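Notes follow once the structure below has been shown.
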């Protein structure tokens, strides 16, 4: 550590070191050599622990950023905590005491007047901090979402320096980070240094909180204006005059001379009116991935006195303009660069132990792209650093950032809550308001963030909302904010214009089309979904003991959600009524994946088909914080569920789908450009696969972000179950293939009994004929190629038989039999008719194979399994 850190500091110098005449400028992460131990087992105080002479005995290695629990699991103190109900056996007693965190860092010789600061981006929840035996900032460090910058210039010296923190977990009523009914609470209540720590080194004048605001001429998209501002801080006792210089990608340069009084700070602004270079012609705009390319620019700032650089900052940003609107029905929607877009995404969560790795986050955002989504919603400011936000900037994924509902309900907050939630006391309001300010200044340069949501299920109390709005006006007037994710009306800011009326449990596919009062496809539904998404057997075996896998047992329920969702009742009832009672675990899993696929596809198709009345949809949830059965498009182990492929199918750029509401076919354009002429091919088949209706419809064009309704089907086959085969062609090439199992017996909703989380059913579609599908043996050819760090698979399947090949599923596995993840298939869980041949491409990251040979595994509802190298 010593030599690497020393070298990195020297590399931050503008010129070679000569008798230390230049200032050292660096923003260096302190993420190595941390150790932790319970304060109950440590006799010494901080003034001793934070010295080079102190030798920790029996302390645990720790990861920072991270939580105490995450480190103890990494160290093997607690094993297999997510298997069965092991976690509930862990005592919370060790975490009722504070825990010490300790590390050291090396500094080279420094010029007199060198400034050194510590920046903590997230400590949960209270901390006393010691540097080289001296306590800094006593009694002020509290709040899981606060950021603290501490001047330690007078405490550090060349050589080894020691940093120690005594951290206390949040108490009941503290506005801290956490989860709601998604998973159990971790035993340590996420205690620890959960976000990154940085050592900031500069000369007497430091650059802080740079901010780039952009506006776009939305009428032409040919002009944009950039405003750059930053805080300069003179940490010395004498006046300083120097020049703040900025450079933006493309040789855009600007500078301003600044004089700073002793021990003062000042905001310096470069406006496009005063600096014409910031008026940009033909800008490369940032778009979400469905509307265009997410172009990015780089800003470099430096402050110089004479020819000496005292500090530097680099910011990546995008030129874009985000705004919102209210339509005639009172529903809120969003515009990007003047273009309306349908928000399509899911609710993101970090792993329960807040130990996400860069690879985990990259997989999650790559999955969003693969599923044709354009948004993730963070309920709570998640991410242990800015990596996740950088990924969304680069991939063109919007982020909806906001507080968690846990602050609004007494059972999660730990203290009484009212109609405005649990943030009541002046202390709580102070922490909440300062937390919002800190999060905004930390994240506001990311073009992917399109809205700040400062209330979830409820509104903040009016006095707190006034504080929030003042903070937003001062620190980020560049993007919209939202008072609540629910359809509440604030006395301060008016109606939220969005809805949160459920459902959260199973509803049939037609719900999304026919419901016009609750969660159906109108307005912006900020969190909703068709309930559980039971994972594949491979993942179930990692969370449930083998002897409890079948029949469904209490061991399953520990991995269900909480509260009203601590069961699978609606889901299992729908499975039995629509598909037939599961007779084995394998039968249950195949039926679960079909429910997952069918339900997710229908929800997202309904919202895309119902534009412009529909303005947004957030699937609850996107991913999994721990191994679970509910609310996930892919599971904790990064293995996609059927819902994943249903979402991908529904979001195809050009798409053909069945409209369960009007019982007709829609052709949908999810892109930013009008389509070329298309051909819609429709075939209706009876249960014996006999064609009873065929039609080809030529379409001149489908306009961007629009749906075109085709005439109703003139005929459906007799009997309970029938099939609909849809294909969309562009110049003879299939751009969308979609297959439905439908019933003449309709799902019927009991709307009178709708509650906040579900609308029950009085009748169910009959798809039980699927149980009698005969086995199908497909012919498969597979080939692997490796390019760089990616292994590509090309699979050609031919159906030589006579039956329906239903829910055909492909996996790439290692020699050990484990599915390789993340995995990216262009299609999966698809259906083939007799005589069809189809080629499917996919890929995995080569390093995920861990030098194993890749094999293809073929399975499905009624598919004879094949494993092929």
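The values are calculated or read from the model by the stated rules, or taken from the named source; none is laboratory data. Just so you know, these numbers come straight off a predicted model, no measurement behind them. All Cβ positions, glycine included, derive from the backbone under ideal geometry; neighbour counts span all protein chains shown.
Results, tabulated for the structure shown:
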quantity: Qualifying position, being surrounded by fewer than 19 Cβ atoms within 10 Å (Cβ to Cβ) and either under 34 Å from the mean Cα position of the chain (by Cα) or at pLDDT below 95 (or both), among 60, 54; calculated: 60
quantity: Subset of the range 708-746 that is in a strand (DSSP E or B) and free of Cβ contacts under 8 Å to residues at least 24 places away in the same chain - its residue that is farthest from residue 669 (Cα to Cα); calculated: 733
quantity: Residue in the range 452-463 that is at pLDDT 95 or above, more than 17 Å from residue 378 (Cβ to Cβ) and assigned to a helix (DSSP H, G or I) present; calculated: yes
quantity: Matching option when the condition is within 27 Å of residue 631 (Cα to Cα) and surrounded by fewer than 20 Cβ atoms within 10 Å (Cβ to Cβ), among 138, 184, 175; calculated: 184
quantity: Sole exception among (1) surrounded by fewer than 20 Cβ atoms within 10 Å (Cβ to Cβ); (2) closer than 30 Å to residue 627 by Cβ for residue 190, by number; calculated: (1)
quantity: Evaluation of residue 380 against (1) in contact (Cβ under 8 Å) with a residue 12 or more places away in the chain; (2) in contact with a helix residue (DSSP H, G or I) (Cβ under 7 Å, 6 or more places away or on another chain) (one fails), failing number; calculated: (2)
quantity: Residues within the range 665-711 that are within 23 Å of residue 396 (Cβ to Cβ) and in contact with a helix residue (DSSP H, G or I) (Cβ under 8 Å, 6 or more places away or on another chain), tallied; calculated: 3
quantity: Number of the exception - residue 100 against (1) at pLDDT 95 or above; (2) buried (at least 18 other Cβ atoms within 10 Å of the Cβ); (3) assigned to a loop (DSSP other than H, G, I, E, B); calculated: (3)
quantity: Identity of the residue in the range 341-375, touching a helix residue (DSSP H, G or I) at 6+ places or on another chain (Cβ under 6 Å) and not in a helix (DSSP H, G or I), that ends up farthest from residue 80 (Cα to Cα); calculated: 372
quantity: Residue satisfying condition, being at pLDDT below 95, farther than 18 Å from residue 131 by Cβ and part of a helix (DSSP H, G or I), within set 10, 15; calculated: 10
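Condition check ((1) at pLDDT below 95; (2) in contact with a helix residue (DSSP H, G or I) (Cβ under 6 Å, 6 or more places away or on another chain); (3) in a helix (DSSP H, G or I)) across all residues:
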{"position": "575", "(1), (2), (3)": "no, yes, yes"}
{"position": "578", "(1), (2), (3)": "no, no, yes"}
{"position": "586", "(1), (2), (3)": "no, no, yes"}
{"position": "596", "(1), (2), (3)": "no, yes, yes"}
{"position": "602", "(1), (2), (3)": "no, yes, yes"}
{"position": "606", "(1), (2), (3)": "no, yes, yes"}
{"position": "612", "(1), (2), (3)": "no, no, no"}
{"position": "615", "(1), (2), (3)": "no, no, no"}
{"position": "621", "(1), (2), (3)": "no, no, no"}
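One line per residue, one yes/no per condition, for (1) crowded, with 21+ Cβ neighbours inside 10 Å; (2) touching a strand residue (DSSP E or B) at 6+ places or on another chain (Cβ under 6 Å); (3) in the same structural domain as residue 469 (by TED's automatic domain parsing):
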residue: 495; (1), (2), (3): no, yes, yes
residue: 498; (1), (2), (3): yes, yes, yes
residue: 506; (1), (2), (3): yes, no, yes
residue: 509; (1), (2), (3): yes, no, yes
residue: 522; (1), (2), (3): yes, yes, yes
residue: 527; (1), (2), (3): yes, yes, yes
